[in-house]
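**Student:** Below is a structure I'd like to ask you about.
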Amino acid sequence: MTYDFSLDGLGIVKPENMGRRRAQGELQRALADMYRARAGFQQALVSYDNAIADINSKVGDLVMEDNMNVDLLNLTMARTGPTSASTWRSAS
């Protein structure tokens, strides 16, 4: 007897000439549970990847905002002189 395996790693593919069972056997239930667990795992991986991408995007936004604040501070210091910036810091 030859066995065909699925290309996506999900195990053995039932031959087309094989009949149908009236009820699932223990092995079929275990395989179905494993496939459901694998699908849940794959969904969790996608959610994880999306969360990491969201975090990286927000970190990038914060870095850009911080750079803009530094640029604004440098521009203010260039216009008013460094003593104004040190006076502002001590007043707050």
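**Student:** Starting from segment 57-76, take each residue that is without any contact (Cβ under 8 Å) to a residue 12 or more places away in the chain and list its partners that are part of a helix (DSSP H, G or I), counting only C-beta distances under 9 angstrom and pairs at least six apart or across chains.
**Tutor:** Thr76/Ser84; Thr76/Ala85; Thr76/Trp88
**Student:** Test Phe41 against the criterion of being under 36 Å from the mean Cα position of the chain (by Cα) and at pLDDT 85 or above, and give yes or no.
**Tutor:** For Phe41, the condition - under 36 Å from the mean Cα position of the chain (by Cα) and at pLDDT 85 or above - is met.
**Student:** Tally time: how many residues in segment 1-39 are surrounded by 10 or more Cβ atoms within 10 Å (Cβ to Cβ) and not in a loop (DSSP other than H, G, I, E, B)?
**Tutor:** Selection size over segment 1-39: 16.
**Student:** Follow-up question, since we're still on this one. Taking the criterion of being under 22 Å from Gly11 (Cα atoms) and either within 27 Å of the chain's Cα centre (by Cα) or at pLDDT 90 or above (or both), would at least one residue in segment 45-63 satisfy it?
**Tutor:** The answer is yes; a qualifying residue exists.
**Student:** Would you check if there is a residue in segment 68-86 being at pLDDT 85 or above and part of a loop (DSSP other than H, G, I, E, B)?
**Tutor:** no
The values are calculated or read from the model by the stated rules, or taken from the named source; none is laboratory data. Note that the structure is predicted; figures quoted are calculated from it, not measured. Heads up, the Cβs are rebuilt from the backbone with ideal geometry, glycines too, and the neighbour counts pull from every protein chain shown.
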